[in-house]
């Protein structure tokens, strides 16, 4: 139902990523996201929470990752925030550095904010109106065209490879 929200805090440890991802994906399912959009939400939420776990509290004791989701008419908003050190480059990072780019490809709108109280907040918006009506969820291609998956016009390079089935 529009106007519903979900908020929870998780310890910024790797074991909490799955719990946060599952909670946000469950909220998206309840908001009416179709299976394709659910997969985008699941992957984007996982990347956002993992980013906070791996980078926010790099030089100090692990803190907390705050997640919230809101459902407004035809939109699903996810917010992932921490009170860590903020977004800054780190030469010793073991990641590939593709998480934020992947989130930007999956979400319909994506913002990175520095919080006034310290830390970083990621805001992701998903358009629920793109979901097909509950009856037939298959895309009907026009004559001479190939069916396209959600967001395929924006996918390029490594991101399209990561999202394409093997």
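The numbers here are math on the coordinates, done by the rules we state, and not lab data. Quantities reported herein were computed from a predicted structural model and do not represent experimental measurements. Quick reminder, even Gly has a Cβ in these numbers, built from the backbone with ideal geometry, and neighbours come from all protein chains shown.
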The range 37-67 scanned against label point 7 Å out from residue 109 along Cα→C-beta; backbone N under 20 Å for 37-38, 40-42, 44-45, 48, 67
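Expressed as cubic angstrom per residue, what is the convex hull volume of the alpha carbon set of the range 1-125? Please report the intermediate quantities before stating the final value.
Details: hull volume 12.5 nm³, N = 125.
Normalising the Cα hull of the range 1-125 by residue number yields 100 Å³.
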Once residue 100 and residue 22 are pulled to full extension, the length gained, defined as 0.36 nm per residue separation minus their Cα-Cα distance, is 26.1 nm
Subtracting the Cα-Cα distance of residue 72 and residue 29 from 0.36 nm times their residue separation yields 14.1 nm
With Rh as the Kirkwood radius over Cα pairs, the range 7-52 has Rg/Rh of 0.98
Ordering 6-13, 18-25, 75-82 by per-residue average of other C-beta atoms within 10 angstrom, highest first, gives 75-82, 18-25, 6-13
